[in-house]
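The values are calculated or read from the model by the stated rules, or taken from the named source; none is laboratory data. As the structure is a computational prediction, the values presented were derived from the model and not from experiment. Ideal geometry is used to build each Cβ from the backbone, glycine not excepted, and the neighbour counts take in all protein chains shown.
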Amino acid sequence: MNYEILIVDDLPIIVDGYINLLSKTDFQENKPNFIKSHNCEDAYNKIFLNLKRKVNINLALLEASLPPYKEFNINSGVDLALLIREKFTDCKIIILTMHSEPLTVDRIIKKVEPEGFFSKNDITSESFPSIFKKIIDGNIYQSKTIIESQRELFKKNINWDNYDNEILILISQGVKTINLPNYIPLSMSAIEKRKANIKDQLLKGKGSDKDLVSKAKKIGLL
């Protein structure tokens, strides 16, 4: 029986590296079948091809930052993960990233709830196959850098939900407040209240969006 594994990274050499590492894993009676992809559009098409063929994807390894598929609003590996969660409910998802900013890490954990979450800097050829085996056996795993990032958020006594994280991240990317409802399913008044709460915590209520982003970067949230 095949164990279908989708691997998505924009660098082909990285995808091949993961395949080499995963080939060392004991799949018991299952035979791994690797589905390779390098961007959101191609991955989207392969996900729906598997759906059409009625072939489950058992596990997905997704780089968090990927070339987007604008036509269907799939802008990252996180969006792919949410699509896979919807279409293949039993699929185990592993997110891989070079980012360690506390808000970005917290956003991914709350949004996707991945079975595995790795900083690419933490991956070694010696440890990855055994960790991967634990994940396919039903365990949850977060690498050292990801755990440390969450501790930083806890130390700063920041307890926002995912919408709050999204608001601050989008503002830092240059999205104007008036356009935030295009990205977040909340009313403008709800967004304004949340934004005011964020400013209260970081700026004691006073300051511009530029000041807010600057403060968040200064204390290591972004």
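For L6, state whether it is in contact with a Leu (Cβ under 8 Å, 6 or more places away or on another chain) and either under 18 Å from I131 (Cβ atoms) or part of a loop (DSSP other than H, G, I, E, B) (or both). No; evaluated as a whole, the condition is false for this residue. Among the criteria (1) hydroxyl-bearing (S, T, Y); (2) more than 12 Å from the chain's Cα centre (by Cα); (3) buried (at least 22 other Cβ atoms within 10 Å of the Cβ), the one T124 does not fulfil is (3). Would you check if D79 is among the acidic types (D, E) and either surrounded by fewer than 16 Cβ atoms within 10 Å (Cβ to Cβ) or at pLDDT below 95 (or both)? Here the answer is no, as D79 does not meet what is asked. Listed by position, the helices (runs of 4 or more DSSP H) contained in segment 110-210 that have at least 1 residues being in contact with a Lys or Arg (Cβ under 6 Å, 6 or more places away or on another chain) and not assigned by TED's automatic domain parsing to the domain that holds D16 are 162-172, 188-203. Once segment 141-152 is narrowed to residues that are surrounded by fewer than 20 Cβ atoms within 10 Å (Cβ to Cβ) and either more than 15 Å from the chain's Cα centre (by Cα) or modelled with pLDDT under 90 (or both), the residue that is farthest from D211 (Cα to Cα) is K144.
Checked against (1) at pLDDT below 90; (2) within 17 Å of D209 (Cβ to Cβ), D161 passes all but condition (2).
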